[in-house]
Amino acid sequence: MNQSNANTNVVEMIDVCKRYGTFEALKKVNLSVRKGERIIICGPSGSGKSTLIRCINRIEQHDAGSIVVEGQELTGAERDIAKVRREVGMVFQSFNLFPHLTILENCTLAPRRARGLSKAEAEDRAMHYLSKVRIPDQAKKYPGQLSGGQQQRVAIARALCMEPRVMLFDEPTSALDPEMVKEVLDTMIGLAEEGMTMLCVTHEMGFAKQVADRVVFMDGGQKIEEADPQTFFGAPENDRTRAFLQQVLH
Amino acid sequence: MNGLDFSVVADALPYLWKGLQFSLTLTVVAFAAGLVLGVALALVQHLEVPVLSPLAKVYVAIMRSIPLIMVLFWFFFLVPLIIGAMMNSGRPVPIGGLWTAIITFSLFEAAYYSEIIRVGLRSVNKGQYEAAKALSLSTATTYRSIVLPQVFRITSPIILNQTIILFQDTSLVYVLSLTDLTGAASKIAQLNGTLVEMYLFIALVYLVICTSASQLVAVLRKRTRIATTR
Ligand SMILES: Nc1ncnc2c1ncn2[C@@H]1O[C@H](COP(=O)(O)OP(=O)(O)OP(=O)(O)O)[C@@H](O)[C@H]1O
Ligand SMILES: [Mg+2]
């Protein structure tokens, strides 16, 4: 790996392995993500998609191989983990908003506590990103008072308030009623157009075709195929990819 | 049987009021100290802190298996010995009934509160912890700002219930020759033979206090329900 390469890769995963007990969830996965790239990760249930992206901000610990995020290798050191987490935003399938805090407080907590912003600064920033996801008028409400789509947009705004270098999405639309999927995908498309580096686990293949620079197909804890969307959807190389695509595209 | 004479109750009111004040004060102090210690005991177990976690488990198990009245006796004799040993004075340092009561009730209630908090901690969704991690929040901030507020919200009706029981248990301080509401009533009753009047009256006082508190529990229950449904 040469020096310039190391500097431009926001995420660099080399031979990453992850076990749960004796079960191998990730088997020597390699993945490099350059600044501004949009990576879509797909694959059947249990193939290790969530595990893969959760290793990037160390919600899961990898057992072997190396993960470097923004030049910082993820080892056991608490300080390095905190550093990486400040630069990596994450959006979950089940939103995971803090139910006892208002929308505004959800967005200001981490910038104040982990970035050291003042209350006023954090609130300005929160309103900026809440406007961006088009729900500034809901700032005083509690998560329970919002629709699923609105909650997920708040979750995106909350992550953006940390001004991360990379955003991770784990099936952000899977828990939503169908009529709310579009508003969330539109928000994500907006982010992609602004040049945000994104890794997104999703089965929304239309979205993948529209925004992806590369599509990664996982199966059985391995990266089976990685290609630009045209190749991936038009002429997938692997049989398992073809079988999977046949299922999700119909 | 002669008619009941409630004028004795009126005469005894100032003395009974002092007894009630004692009961309430002991309840509030034991509640506050017990809750703080209870949260600590629960957190230590939840975070699986080495050494402290098993110690907390044993402590809670012991406290919960011994009747409060026995703990009061034990502490009345033990605490002076322990303090004496700690201060190297070579002999017991008596601390008096009041401090025995405060320490015992706080330590005893802590065990019960910690069990309630522990269950509350487990009921907080794992996604909340993950979101906190993803936002780079420290463990301290995660518990203080995210987890514990939700735990208190979930458990407040049960905590209040336990505190009602605590309030009733304060009558056990008679074994330490302290005078709470029950103690005050029984002293007067024995003095002038007005057992029925006295016990009827304080039963009413307990009833009013405990039912109002239960009412509060019901309100809290409703509020937590609203807060958790969307
Ligand atoms: N905490 C855990 N303990 C044990 N096994 C786990 C754990 N988390 C995940 N696994 C296993 O690891 C494998 C990969 O899980 P992962 O969640 O990464 O799959 P996925 O591709 O995200 O699937 P899905 O599409 O269902 O979300 C699965 O077989 C799962 O059962
Ligand atoms: Mg998953």
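The values are calculated or read from the model by the stated rules, or taken from the named source; none is laboratory data. The model shown is predicted, which means the values in this text are computed figures rather than measured ones. For neighbour counting, all protein chains shown are included, and Cβ atoms are generated from backbone atoms with ideal geometry for every residue, glycine included. Surface accessibility is based on the protein's heavy atoms, side chains included, excluding ligands, DNA and RNA. Shrake-Rupley method; radii C 1.70, N 1.55, O 1.52, S 1.80 Å.
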**OP:** Please state which one of B:124, B:147, B:175 is under 23 Å from the mean Cα position of the chain (by Cα) and either within 14 Å of chain A (Cβ to nearest Cβ) or hydroxyl-bearing (Ser, Thr, Tyr) (or both).
**Re:** B:147
**OP:** Check the stretch A:110-126 and report whether any residue there is within 10 Å of chain B (Cβ to nearest Cβ) and of a type in the set (S, T, N, Q).
**Re:** no
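Yes/no per residue for (1) surrounded by fewer than 16 Cβ atoms within 10 Å (Cβ to Cβ); (2) within 20 Å of residue B:106 (Cβ to Cβ); (3) in contact (Cβ under 8 Å) with a residue 60 or more places away in the chain:
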{"site": "B:147", "(1), (2), (3)": "no, no, no"}
{"site": "B:158", "(1), (2), (3)": "no, yes, no"}
{"site": "B:163", "(1), (2), (3)": "no, yes, yes"}
{"site": "B:168", "(1), (2), (3)": "yes, yes, no"}
{"site": "B:199", "(1), (2), (3)": "yes, no, no"}
{"site": "B:212", "(1), (2), (3)": "yes, no, no"}
**OP:** Please state which of the following conditions residue A:66 fails to meet, knowing it meets all the rest: (1) open to solvent by 10 Å² or more (accessible area, probe 1.4 Å); (2) without any contact (Cβ under 8 Å) to a residue 60 or more places away in the chain; (3) within 19 Å of residue B:129 (Cα to Cα); (4) away from ligand 1 (no atom under 15 Å from the Cβ).
**Re:** (3)
Subject >> Given (1) at pLDDT below 90; (2) in contact with a Leu (Cβ under 9 Å, 6 or more places away or on another chain), index of the condition residue B:10 fails >> reply: (2)
Original post:
How many of the residues in the stretch A:46-60 are within 11 Å of another protein chain (Cβ to nearest Cβ), open to solvent by less than 10 Å² (accessible area, probe 1.4 Å) and away from ligand 2 (no atom under 12 Å from the Cβ)?
Top reply: 2
**OP:** Please enumerate the residues belonging to the stretch A:81-99 that are within 8 Å of chain B (Cβ to nearest Cβ), away from ligand 2 (no atom under 16 Å from the Cβ) and open to solvent by less than 20 Å² (accessible area, probe 1.4 Å).
**Re:** A:88, A:89, A:97, A:98
